[in-house]
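Heads up, the thing below is written out as structure tokens.
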Amino acid sequence: MNAEVLIPAVQTRREGAVLVVSIHNPPVNALGQAVRAGLLAAVEQADADAAVQAVLIVGEGKAFIAGADIREFGKPPVPPSLPEVCNRIEASNKIVVAAIHGAALGGGLEVAMSAHYRVALPAAKLGLPEVSLGLLPGAGGTQRAPRLMGVKAATELMLSGKHLSAKAGLAAGLVDKLVEGEDPQATGLAYANELLAAKAAVRRTRDIEITDKAMALADLQMLALDTAKKARGLFSPLKIIECVQAAVNLPFDEGLAKERALFTECLNSPQRAGLVHAFFAERETAKIPEAKAAAPRHFAKIAIIGGGTMGAGITVSALDAGLTVTMIERDADSIARGQANVEKVYNGLIAKGRMTEEAKAAIMARYTPSTSYDEIADVDLVIEAVFEDLEVKKAVFKELDRVCKPGAVLATNTSYLDIDAIADATSRPQDVIGLHFFSPANIMKLLEIVVPAKVAPDVVTTAFELAKKMKKVPVRAGVCDGFIGNRILAVYKQAADYIMEDGASPYEIDEAVRGFGYPMGPFQVTDLAGGDIGWATRKRRAATRDPKARYVEVADRICENGWFGQKTGRGFYLYPQGARVGQADPEVLAIVDKERAKKGVTPRQFSADEIMRRYMAAMVNEGAKVVEEGIALRPLDVDVTFLSGYGFPRFRGGPMKYADMVGLDKVLADINEFAKEDALFWKPAALLQKLVAEGKNFDSLNKAV
Ligand code: COA
């Protein structure tokens, strides 16, 4: 029997005049129904017991309370509600103290703000991150935080979703006292007894007056303007501001009512569903079949082969993760450039005041440049990041096979090459794995971990461990051209090309894609990445392209002019004098027209809606094929790939979640309709057809592996 089940979610015990209320709801003390009911009962008990003069609320384990139970959102509510619990805590006639030693986030901080006094320990993390789930603090947080911290600071905290340290929380007025130590019960008890000895009174946050209302409202107006610009289609940020306006303008209880109404609107919005899906999906991708079978291999010393942009970015990630890195380049000049690429990142941080020279020196002490493979004979793990060419990579792996110690993990950073072939260039394919980093590798969160046929399970778990150390979001992928991300990208990019040739300008397409929530459209991305990259890929694929498949040549014509995007001052857009934002280029439109004429296409109008229907249908259909073939473990792995690596709007949850929300039958109907024009391109995935036939959605395949 599981011992966990026997421990109540909330326990009370008397320590002198203090009723200690401790919360035990692993892993993070989320405010599930049992916790809410337990807290309510504990306050009732304290109020009814004359011997109790103070209540101490503490969390067991690592967290104080990490917030509402996110798994309950969207399900029918079960009383007591969190606002009711918070109001009851605040109304208590015994002084209530919260002792915060870990995460006090969302509802957790709302509970703490309803207490009368707050003491924090150094590891406390305080925040109202509801905005990242498409919500707002709905248990009085929007009314109490401005009263404790000031209107502007509280609104900024809620809009950013940031976590404050204990020290910052003290400075902001969120906590009354900061005490060194690790034991919240001892610290909280000492503080409660200190308050009792000083005859401290019940002190309710709701009773704090917001002074200088005119200034507060002016600040809110500025924040609203800024938010409208930055929120890019997000629903809850402006609602947060509305709630705080109510806190300033209305009596407390009316403010609470307003907050409740707006919270419900957010809760019912599809954005909440998308963002909550993203939250769990990002935690799910690390759960892989190999995890049960094999513990990771030990690694501390690693080697990176290649000091170009990618190799240097990976080196920075590895150094930041505390690893010792030897970088290998072929000659003195190249290794000097490689080191300079690494140092440039840290120098940038120093220039911005975000790093000291000493900190850089301490990090660089773990970095060794070398031009000899023999120097990496004792490393535990190698990441090869040389030129993207199969023969070049195979030669590197032969060399690694010669020098590396038995059991060293040999990883290749590639975006599309056949890793099985690279593994077979060695005598130890069981040690070879793919790690597809995204550029800039020290910043981008996504890491596709590509699992070739012969790799040993503990090499796979080692790669996931590396991702964790580097604070990356790992996604397990199978071997195919482009793995999960680039394979799907190639298909929806093709759909965009067809839409362009059929009548929409690249600028209209980019605008529609931005309107959907992306930071950039596909043609802007091409210009940013460099048109020559895609051009090289198209040339590589030319030999294997189905001659019957439709092929749009506009991008090739643009590249033939030497217009490779931002770096050459023009691509699909013009970038006069190094401008970062492009301007429409009439010459590009003329090229598009000429290509249409060549193919006998009469251009037609596309609405933004039709553009997105086609763009998304192509993405979802290929996503379904990727899942069907086992390249992605589950639909959620496709979602996380696009959220973390391709700028997919987080509030839509990822392409597969988006398809579920639209309805798979509708997506399939679109594909079938488009197939009337081009049956070769618009071939519906068998998995999509099967799910529609069974009345199921992609989420039904997201079960734990
Ligand atoms: N409700 C339900 N489950 C939660 C949760 C919540 N509020 N917060 C975390 N969890 C779960 C995670 O899904 C994970 O479950 P799993 O082990 O089954 O995958 C587990 O708790 C541990 O969380 P994880 O994020 O992996 O641990 P961490 O130590 O890296 O981070 C937190 C801990 C609390 C900082 C982080 O989980 C977090 O930010 N949680 C959300 C806080 C929040 O947004 N609260 C407001 C809710 S409105």
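The values are calculated or read from the model by the stated rules, or taken from the named source; none is laboratory data. Keep in mind that what you see is a predicted model, and the values were worked out from it rather than measured. Note that we place each Cβ from the backbone using ideal geometry, even for glycine, and neighbour counts take in every protein chain shown. These accessible areas exclude ligands, DNA and RNA; they are computed on the full protein's heavy atoms, side chains included. Shrake-Rupley method; radii C 1.70, N 1.55, O 1.52, S 1.80 Å.
Some notes on this structure:
- Failed condition for residue 106, given (1) under 28 Å from the mean Cα position of the chain (by Cα); (2) open to solvent by 10 Å² or more (accessible area, probe 1.4 Å); (3) within 16 Å of the ligand (Cβ to nearest atom): (2)
- Residues within the range 259-281 that are of a type outside the set (A, V, I, L, M, F, W, C), under 15 Å from residue 648 (Cα atoms) and out of contact with any Asp or Glu (no Cβ under 9 Å at 6 or more places or on another chain), tallied: 2
- Test: residue in the range 235-243 that is of a type in the set (Phe, Trp, Tyr), assigned to a loop (DSSP other than H, G, I, E, B) and modelled with pLDDT under 95: yes
- Subset of the range 281-297 [away from the ligand (no atom under 15 Å from the Cβ), assigned to a loop (DSSP other than H, G, I, E, B) and among the hydrophobic types (A, V, I, L, M, F, W, C)]: 294, 295
- The residue pairs whose first member lies in the range 661-672 and is of a type in the set (D, E, K, R), whose second member is open to solvent by less than 10 Å² (accessible area, probe 1.4 Å), and whose beta carbons are closer than 8 Å, counting only pairs six or more residues apart or on different chains, are 670/617.
- Qualifying residue in the range 42-55 (condition: open to solvent by less than 40 Å² (accessible area, probe 1.4 Å), at pLDDT 95 or above and within 16 Å of the ligand (Cβ to nearest atom)): no
- The single condition among (1) of a type outside the set (Lys, Arg); (2) out of contact with any His (no Cβ under 7 Å at 6 or more places or on another chain); (3) open to solvent by 10 Å² or more (accessible area, probe 1.4 Å) that residue 123 does not satisfy is (2).
- Tallying residues that are more than 16 Å from residue 55 (Cα to Cα) and in a helix (DSSP H, G or I) within the range 108-147 yields 15.
- Test: residue in the range 174-187 that is over 19 Å from residue 150 (Cα atoms), open to solvent by less than 30 Å² (accessible area, probe 1.4 Å), in contact with a strand residue (DSSP E or B) (Cβ under 7 Å, 6 or more places away or on another chain) and not polar (S, T, N, Q): yes
- Residue within the range 502-516 that is touching a Gly at 6+ places or on another chain (Cβ under 8 Å), open to solvent by 20 Å² or more (accessible area, probe 1.4 Å) and over 30 Å from residue 651 (Cα atoms) present: no
- Pairs with Cβ under 6 Å, 6+ apart, first in the range 195-212 and within 10 Å of residue 148 (Cα to Cα), second among the β-branched types (Val, Ile, Thr): 210/248
- Against the conditions (1) open to solvent by less than 20 Å² (accessible area, probe 1.4 Å); (2) modelled with pLDDT of 95 or more; (3) farther than 20 Å from residue 405 by Cα, residue 442 satisfies every one except (1).
- Restricting the range 13-35 to residues that are open to solvent by 20 Å² or more (accessible area, probe 1.4 Å) and within 16 Å of the ligand (Cβ to nearest atom), the residue that is nearest to residue 126 (Cα to Cα) is 28.
- Pairs linking a residue in the range 176-194 that is part of a strand (DSSP E or B) to a residue that is open to solvent by less than 60 Å² (accessible area, probe 1.4 Å), with Cβ atoms under 6 Å and 6 or more positions apart or on different chains, are 177/119; 178/120; 178/166.
- Selected residue [out of contact with any strand residue (DSSP E or B) (no Cβ under 9 Å at 6 or more places or on another chain) and within 13 Å of the ligand (Cβ to nearest atom)] from 142, 155: 142
- Any chance residue 462 is of a type in the set (Ser, Thr, Tyr), open to solvent by less than 10 Å² (accessible area, probe 1.4 Å) and touching a His at 6+ places or on another chain (Cβ under 7 Å): no
- Residues that are open to solvent by 30 Å² or more (accessible area, probe 1.4 Å), in a loop (DSSP other than H, G, I, E, B) and either among the aliphatic types (A, V, I, L, M) or more than 10 Å from the ligand (Cβ to nearest atom) (or both), drawn from the range 63-93: 66, 74, 75, 76, 77, 78, 79, 81, 93
- Exactly one residue out of 393, 360 is without any contact (Cβ under 8 Å) to a residue 40 or more places away in the chain and either farther than 20 Å from residue 322 by Cβ or not in a helix (DSSP H, G or I) (or both): that is 393.
- Condition check for residue 166 on (1) open to solvent by less than 10 Å² (accessible area, probe 1.4 Å); (2) in contact with a strand residue (DSSP E or B) (Cβ under 9 Å, 6 or more places away or on another chain); (3) within 9 Å of the ligand (Cβ to nearest atom): one failure, at (3).
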